[in-house]
Amino acid sequence: MHCQILNVNHLVLNYYYLMNSPLLNFILLARTAKDSTSFDPSMLYLILALVGIFLLVLLLVFTRARLYPLLKLGYIRILYGRFSYEFLEFFKENNLRNPHNNCIKDEISMHFFTFYKPKKSALFFQTETKIEFGDIPFLTFYKKLTKIKGEPECINVSRFNTTRVKLVGYNEELQNMKMKSFFYFMEEQFVMGEYHFIDINKIKTADILAPLAVKYLKGESVQTDNFYITDPLGDKINYENNGFSITVRYFFRGDNNINQILDSVFGNVNDNGETLIRTMKHEELLNRF
């Protein structure tokens, strides 16, 4: 009996020491702290958002050289259209290949230059008939032309001093003869037209000369490879057969502002051709594809 009482006292004493030991207190405190901790998802979302922003900034830094031009090109295309001067000039400024076909391989200025410095072998005629380029009146705006003929199949652009110049072309047939019709615009107004026949081996020159002679020269026969026709208003036609192709150009001279611009570039070629040279250099850069 006495031994049992001692054992009970011993157990009580051990329990007392155990309940007041530092180890138990530490375990209880640690468990309480663990049980009181709860998961907060908003903190995880914040971390993910910060990481995403950081990665986006890095992406923009390394791709801005390409991303910005693409965004600018898209803006230009929506605002002006893919056949606009602004659209084509973008490719020149960024040294990119023009997405459209070129109408001509030489400079636009040389096609106007023909009327300012004729060849010595050229003949000159006068006509009483008003010169017209098909059914498209001179000074027609570019947008109206595209409504009539649709989107062009080729295009070139240039500047005469500060004036924007655009050339657009279409593949056509004239009495079963394949040709290209070109329309030259200055500040969006039609000022010169051109028929260009390439495969002259399959073309009889008489089939081209005869209609010109009948309409403008009262049927007078023309036996030359280069001649000019001028009407009472000063508009002109130039016919040229260089042995490789035949070109018939129709040049409008009925607008004083346009005449002043063209004369400032081409009118002094016999005395001082610096303006023309600068224009041609600019065209060479502008049409570098």
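The values are calculated or read from the model by the stated rules, or taken from the named source; none is laboratory data. Everything quoted here is computed from the prediction, not taken from an experiment. All Cβ positions, even for glycine, are placed from backbone atoms using ideal geometry, and neighbour counts span all protein chains on display.
A compact table of results
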quantity	calculated
Residue satisfying all of: in the range 217-240; within 17 Å of Ala122 (Cα to Cα), at pLDDT below 95 and of a type outside the set (A, V, I, L, M); surrounded by the most Cβ atoms within 10 Å (Cβ to Cβ) among these	Asp225
Filtered residues of the range 165-177 (kept if surrounded by fewer than 17 Cβ atoms within 10 Å (Cβ to Cβ) and touching a helix residue (DSSP H, G or I) at 6+ places or on another chain (Cβ under 8 Å))	Gln175
So Phe160, is it of a type outside the set (Asp, Glu) and more than 18 Å from Tyr250 (Cα to Cα)	yes
Selected residue [without any contact (Cβ under 8 Å) to a residue 40 or more places away in the chain and at negative phi] from Met177, Met186, Met192	Met177
Selection from the range 187-207 of residues that are surrounded by fewer than 21 Cβ atoms within 10 Å (Cβ to Cβ) and of a type in the set (A, V, I, L, M, F, W, C)	Phe197, Ile198, Ile200, Ile203, Ala206
Members of the range 124-138 that are surrounded by 12 or more Cβ atoms within 10 Å (Cβ to Cβ) and not β-branched (Val, Ile, Thr)	Phe125, Glu132, Phe133, Gly134, Phe138
Pair list, Cβ < 7 Å and 6+ apart or interchain, from the range 107-133 residues that are hydroxyl-bearing (Ser, Thr, Tyr) to residues that are in a loop (DSSP other than H, G, I, E, B)	Tyr116/Gly267; Tyr116/Val269; Thr127/Leu217; Thr127/Asp231; Thr129/Asp231
Only listed residue being of a type in the set (Val, Ile, Thr) and at pLDDT 95 or above, chosen from Thr140, Thr162	Thr140
Which numbered condition Glu172 misses (of (1) part of a strand (DSSP E or B); (2) touching a residue at least 12 places away in the same chain (Cβ under 8 Å))	(2)
